[in-house]
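Colleague: Before anything else, here's the structure in question.
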Amino acid sequence: MPQTKIAGIGYYVPANIVSNNDLTKYMDTSDEWIQERTGIKERRYADRTGETTTTMGVEAARIAMERAGVTAQDIDFIIFATLSPDYYFPGCGVLLQRAMQMREIGALDIRNQCSGFVYALSVADQFIKTGMYKNILVVGSEKHSFGLDFTTRGRNVSVIFGDGAGAVVLQPTDNPGQGILSTHLHSDGADAELLAMYNPGTHANHWKETAYAHFNEAPIGDMFLSHRMIDDAQIFPYMDGPAVFKKAVLKFPEVIMEALSANGLQPSDINMLIPHQANLRISQFVQQKMGLRDDQVYNNIQQYGNTTAASIPIALCEAWEKGLVREGDLVCLAAFGSGFTWGSALIRW
Ligand code: UT7
């Protein structure tokens, strides 16, 4: 059975740099608070009307495809991970297929938020291993800036997130020492509402008995979308930051250890850990808990904020471009986020 290798990788971030100080014009926050609690110095925001989640994904895909030496006609399957799609439906996969003038190939959209890229990689890995596809394009892209609450009410969420896209082309390799060694995916819906965007949606407050304990009153859910939802700012993401933080620092090390154990490896064998860029404090906690040196972990949340499904491919590509990921290296990808969902992938580069 062939293994799956990353044949090409690329990323795209918008030109518009937004500093922490820029955000103080809209909300009661400070550069000091944001850097101390998250490590973030700046993030990128897409051009409001000129760029979409799909168009940024296309830019990243073009670079990944060029580096893999393939054209749009060679791609035989698309997997697109995002939580900020151009449309409620159809997904970004078909929009990318159209924009890149690809053949009438399959296009799958993945909605696993911060774990989206690891989930997408795992799905692609199965298709390659079974021999079904030879060139799969996996994209993670987000245009968060279009859907955040930029008032003080939304500051715990809005200062964290940024826009951008990353992409990889996956191909089979017969070299047994190269490629994806394993992927490990998990979920626990018990806390689904702790990091969520409820509206617009069809939930009709069906889950209120168990799910909204942390709200004084249940969110509005009487319609798919209503003026009241908009007036009460219930169309923006909700996050119980401390609760997510606590779970993340447990699950990151757990799923990284699961990947290492499955392959008879240990933390000291990792050449580069690329954690989903949720919060620099989370990455540092994970690094410390796993006894990893600074040169074994790559972080770039300082420059880009949290780009959700795009954060891992952007960080992986940047680390590779800097020569920090080399042939033969053991690379570990790990993610945790809304759902909760989490996962890891071990790759021999
Ligand atoms: O990628 C998806 C997964 N997401 C995560 O992993 C995020 C995990 N959570 C976190 O990263 C952190 O919980 C946050 C960065 C979101 C928040 O940091 P925190 O240290 O947990 O702060 P907090 O939510 O406990 O809030 C502490 C205080 C509050 O004020 P009071 O009640 O103590 O007066 C907040 O209102 O900080 C206030 N606050 C802010 N102040 C200035 C919250 N957001 C801000 C802000 N600027 N942007």
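Colleague: Starting from 0.36 nm per residue, how many nanometres of slack lie between THR49 and ASP28 once their C-alpha separation is accounted for?
Modeller: Separation in residues times 0.36 nm, less the Cα-Cα distance, equals 4.9 nm.
Colleague: Computed FRET efficiency, Cβ-Cβ of GLU66 and GLN35, R0 45 Å: what is it to the nearest 0.05? Let's see the in-between values first.
Modeller: Numbers: r = 36 Å, r/R0 = 0.79.
With R0 = 45 Å, the Cβ-Cβ based efficiency is 0.80.
Colleague: While we're here: Report ³J(HN,Hα) in whole Hz for each residue of segment 297-308, in order, from the Karplus equation J = 6.51 cos²θ - 1.76 cosθ + 1.60 where θ = phi - 60°; Gly and Pro get x.
Modeller: 10, 10, 10, 9, 4, 4, 8, 10, x, 8, 9, 6
Colleague: Using amide H atoms built 1.01 Å from N in the peptide plane, name the residues 5+ places from ASN16, or on other chains, whose amide H lies under 5 Å from its own.
Modeller: TYR45
Colleague: So what J values fall out for segment 142-155 if you push phi through Karplus, 6.51 cos²θ - 1.76 cosθ + 1.60 with θ = phi - 60°, rounded to Hz, Gly and Pro as x?
Modeller: Result, ordered by residue: 9, 10, 5, 4, 7, x, 10, 8, 8, 8, 4, 4, x, 5 Hz.
Colleague: Follow-up. Can you list residues whose amide H is under 5 Å from LEU108's amide H, if they're 5+ apart or on another chain and H is modeled 1.01 Å from N?
Modeller: ILE78, ILE79, PHE80
Colleague: Based on the Cβ-Cβ distance of ARG326 and ALA99, what FRET efficiency does E = 1/(1 + (r/R0)^6) give at R0 = 35 Å, to the nearest 0.05?
Modeller: Result of the calculation: an efficiency of 0.60.
Colleague: While we're on this one: If you rank ARG111, ARG348 by fewest surrounding Cβ atoms within 10 Å, what's the result?
Modeller: The order, fewest Cβ neighbours first, is ARG111, ARG348.
Colleague: Restricting attention to the alpha-carbon atoms of segment 81-232, what are Rg (one decimal) and Dmax (integer), both in Å?
Modeller: 18.8, 58
Colleague: If you filter segment 306-349 for GluC sites (Glu not before Pro), then keep DSSP loop positions with at most 14 other Cβ within 10 Å, what is left?
Modeller: Taking segment 306-349 and a limit of 14 other Cβ atoms within 10 Å, the loop GluC sites (Glu not before Pro) found are GLU327.
Colleague: With θ set to phi - 60°, apply the Karplus curve 6.51 cos²θ - 1.76 cosθ + 1.60 along segment 228-233 and write out the HN-Hα couplings as whole Hz, x wherever there is a Gly or Pro.
Modeller: Rounded to whole hertz, the list is 5, 4, 5, 4, 8, 6.
Colleague: Modelled label-to-label distance, THR151 and ASN21, 7 Å Cα→beta-carbon offset: nm?
Modeller: Distance between the two pseudo-spin positions: 2.7 nm.
Colleague: If you count the DSSP beta bridges with both ends in the chain, what percent of them are antiparallel, to the nearest 5?
Modeller: Once the DSSP bridges in the chain are tallied, antiparallel ones form about 70 percent.
Colleague: What are the extents of the Cα atoms of segment 272-343 along their three principal axes, in Å, largest first?
Modeller: Principal-axis extents of segment 272-343 (Cα, largest first): 34, 25, 22 Å.
Colleague: Extent of segment 1-137 along each principal axis, from alpha carbon coordinates, in Å, largest to smallest?
Modeller: Projected onto the principal axes, the Cα atoms of segment 1-137 cover 54, 31, 28 Å.
Colleague: Give me the one-decimal nm value for the distance between modelled label points at ARG111 and TYR87, 7 Å along each residue's Cα-to-Cβ direction.
Modeller: Label-label distance for ARG111 and TYR87, simple model: 1.5 nm.
Colleague: Using 1/(1 + (r/R0)^6) with R0 = 22 angstrom and r between the beta carbons of LYS208 and ASP232, what's the FRET efficiency to the nearest 0.05?
Modeller: Computed FRET efficiency for LYS208 and ASP232: 0.85.
Colleague: When the convex hull of the Cα atoms of the chain is projected onto a plane and the area is averaged over all directions, what value comes out in nm²?
Modeller: Approximately 17.0 nm², given one-decimal rounding.
Colleague: Which of PHE150, PHE336 has the fewest other C-beta atoms within 10 Å, and how do the rest follow up to the most?
Modeller: PHE150, PHE336
Colleague: Another question about this same structure. Can you tally the lysine pairs in the chain where the Cα-Cα distance is under 17 Å and the two residues are eight or more apart, or on different chains?
Modeller: Lysine pairs satisfying the spacing and distance rule in the chain number 6.
Colleague: Also: Order by neighbour count: PHE161, PHE80, PHE89, PHE245, fewest other Cβ atoms within 10 Å first, most last.
Modeller: Ascending Cβ contact count within 10 Å gives the list PHE89, PHE245, PHE161, PHE80.
Coordinate-derived values only; no laboratory data. This one's a predicted model, so the numbers in the text were calculated from it and none came from an experiment. Heads up, the Cβs are rebuilt from the backbone with ideal geometry, glycines too, and the neighbour counts pull from every protein chain shown.
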